[in-house]
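A.B. asks: Before I ask anything, let me first share the structure, which is written out below as structure tokens.
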Amino acid sequence: MAMKTLSLWLLVVCLVKTGVSLKCYSCEQTHDNRLCNTDKWLVDCPQAEMDTCMTTIDYDKSREPWHQKMKIEKTCSVKSACELEQESGLPCWRADMTGDQYACVDCCFEDKCNIGGAAAVVPLTSLLWGLVAAVLGLVNMK
């Protein structure tokens, strides 16, 4: 009986979820990630097959004026198209953001998941390296 109830609930959840479109931040050629992360730019993805939020970041230190060095684009996408963009470029979590130029693409699959951008990626990377250094420091103390 419990298995039947669980199966019924799973079916209901799946049916309800398929009727709701994904919500992504969507903006073009933004120079500041914070400008795109407002309800003004939050959209319901227009087609059911759009199951991915995609963020593209392009940075060029030589670009002028100074505030246009970074270009961020966020949009709804199809998972296969976003992953193809990543394959032709680089996922942002693997990009070396310390250089003079970089371009990367992030794909995510939940409502509002593309709120992050380059500003969110760099501190996360720094945090990860800090954690690795702390663990190595503890191991060396023993």
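Readers should treat all values here as calculations from the given coordinates under stated rules, not as data from a laboratory. Predicted model, so just to flag it, every value in this text is computed and none were measured. Using ideal geometry, Cβ is built from the backbone for each residue, glycine included, and neighbour counts are taken over all protein chains shown.
A.B. asks: How far apart, in nanometres, would the label points at W93 and R34 be if each is projected 7 angstrom from Cα along the Cα-to-Cβ direction?
C.D. replies: Reported label-point gap for W93 and R34 is 2.6 nm.
A.B. asks: From the backbone phi of the stretch 97-114, what are the Karplus-calculated ³J(HN,Hα) couplings (6.51 cos²θ - 1.76 cosθ + 1.60, θ = phi - 60°) in whole Hz, Gly and Pro given as x?
C.D. replies: Along the stretch 97-114, the couplings run 8, 9, x, 7, 8, 6, 9, 7, 9, 10, 10, 9, 10, 10, 3, 6, 6, 8 Hz.
A.B. asks: In terms of modelled amide H atoms, which long-range or inter-chain residues lie less than 5 Å from the amide H of D111?
C.D. replies: Excluding prolines and chain starts, which carry no amide H, the hits are K23.
A.B. asks: Out of residues 5 or more away from G116 or on other chains, whose amide H comes under 5 Å of its own, with H placed 1.01 Å from N in the peptide plane?
C.D. replies: Counting only residues 5 or more places away or on other chains, the set is empty.
A.B. asks: Once both labels are modelled 7 Å past Cα along the beta-carbon direction, what's the E110-D44 spacing in nm?
C.D. replies: Spacing of the two 7 Å Cα→Cβ label points: 2.2 nm.
A.B. asks: Taking the number of other C-beta atoms within 10 Å as the exposure measure, put D111, D39 in order starting with the fewest.
C.D. replies: The most exposed by this proxy come first: D39, D111.
A.B. asks: Sorted from fewest to most neighbouring beta carbons within 10 Å, what does the list Y102, Y25 look like? If you can, show how the numbers build up before the last one.
C.D. replies: Details: Y102 19, Y25 26.
Exposure proxy ranking, most exposed first: Y102, Y25.
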